[in-house]
Amino acid sequence: MFRKLFGAAFAAGIIAGLLITGVQQVTTTPLILHAEEYENGGHDHAAASRSDYIIIQTKVFSTLPEKLILAHSSSGTAGHDHADDEGQDHDDHAWAPEDGLERTLYTVGANIAMGIAFALMLTAAFAVHGGEMDGRRGILWAMGGFAMFTLGPNLGLPPEVPGSMAAELGARQMWWLGCAAATGIGLCLMVFGRKISLVVLGILILIAPHVIGAPQPETIGGSVPPELAGHFAAASIVVAAVFWAMLGWLSGTFYKRFEA
């Protein structure tokens, strides 16, 4: 059992992490780099609005770890004002990998780590549920993970490019965790509940975080054009769907193979 769970998860996570990095390089990565040009004042028409712009740190729980690794504005805490009024540079508040190979390697490492962690969740679910497993059934399970970790939370907190306005980091983290948990519990009750009351309870739990509402910034705006931010949000969700589909198929396939 140990070999089946961990062997399948590590194999699936490593392959999916490598493959999704390649997908990101031609989809979301160029959008992030373009957004950083606006964030860093690289465009004249964006620089005028930066005098009183507050840099809000990138949320920790992104659709994929790429934004956490690539965004120059990411750091361990939130709510730091831009350092212009303190005579300090923005880099004093945040660290980011250097452009080029270093950023790519950090992205690959983060994607593989995330892939292994999610694959372990999938293989554990396979083992608990029992029954025959293969790649196609693995994709069905993975779509539940996609709904839990991407669709549900992103309805309230869509993926953000560097330079986007955002609410306080701690509040977003708490809401994200609560929404992911509620989505997972709600889906389980709806799919596996044998009574109509359990299905209704699952629906109520599923929608509860969205009734409460995700924390939002006090003001709307930022240095990044809304067209670019919208494109990034849509692309990130599609890339996440591709990631989960690959991870589900690989996890189910390796799970069955290690079973032999």
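The values are calculated or read from the model by the stated rules, or taken from the named source; none is laboratory data. Everything quoted here is computed from the prediction, not taken from an experiment. Glycine also receives a Cβ, built like all others from the backbone with ideal geometry; neighbour counts cover every protein chain displayed.
General observations
- Just one residue in the set PRO162, PRO217 is of a type outside the set (Ser, Thr, Tyr) and surrounded by 16 or more Cβ atoms within 10 Å (Cβ to Cβ); that residue is PRO162.
- Hey, TRP176 at pLDDT 90 or above, of a type outside the set (Lys, Arg) and under 22 Å from ALA12 (Cα atoms) or not: no
- Index of the failed condition, ALA182 passing every other in (1) aliphatic (A, V, I, L, M); (2) surrounded by fewer than 20 Cβ atoms within 10 Å (Cβ to Cβ); (3) part of a helix (DSSP H, G or I): (2)
- Residue in the range 226-242 that is touching a residue at least 60 places away in the same chain (Cβ under 8 Å), closer than 16 Å to ILE116 by Cα and of a type in the set (Gly, Ala, Ser) present: yes
- Residue within the range 242-259 that is exposed (fewer than 15 other Cβ atoms within 10 Å of the Cβ) and in a helix (DSSP H, G or I) present: yes
- For the range 113-162, the set of residues classified as more than 15 Å from the chain's Cα centre (by Cα) and among the polar types (S, T, N, Q) consists of THR123 only.
- Test for GLY202: is it small (Gly, Ala, Ser) and assigned to a helix (DSSP H, G or I): yes
- Contact annotation: residue pairs with Cβ atoms under 7 Å, 6 or more positions apart or on different chains, pairing a residue in the range 26-41 that is surrounded by fewer than 20 Cβ atoms within 10 Å (Cβ to Cβ) and small (Gly, Ala, Ser) with a partner that is modelled with pLDDT under 80 and not in a loop (DSSP other than H, G, I, E, B), are GLY41/ALA47; GLY41/ARG50.
- Among the residues of the range 186-198, those that are surrounded by fewer than 16 Cβ atoms within 10 Å (Cβ to Cβ) and either part of a helix (DSSP H, G or I) or modelled with pLDDT of 95 or more (or both) comprise VAL191, PHE192, ILE196, SER197, LEU198.
- Look at the range 1-21: where a residue is basic (Lys, Arg) and a partner is surrounded by fewer than 19 Cβ atoms within 10 Å (Cβ to Cβ), sitting 6+ places away or on another chain with Cβ atoms under 7 Å, you get ARG3/PHE258; LYS4/PHE258; LYS4/GLU259.
- Index of the failed condition, GLU132 passing every other in (1) closer than 17 Å to GLY13 by Cα; (2) outside any helix (DSSP H, G or I): (1)
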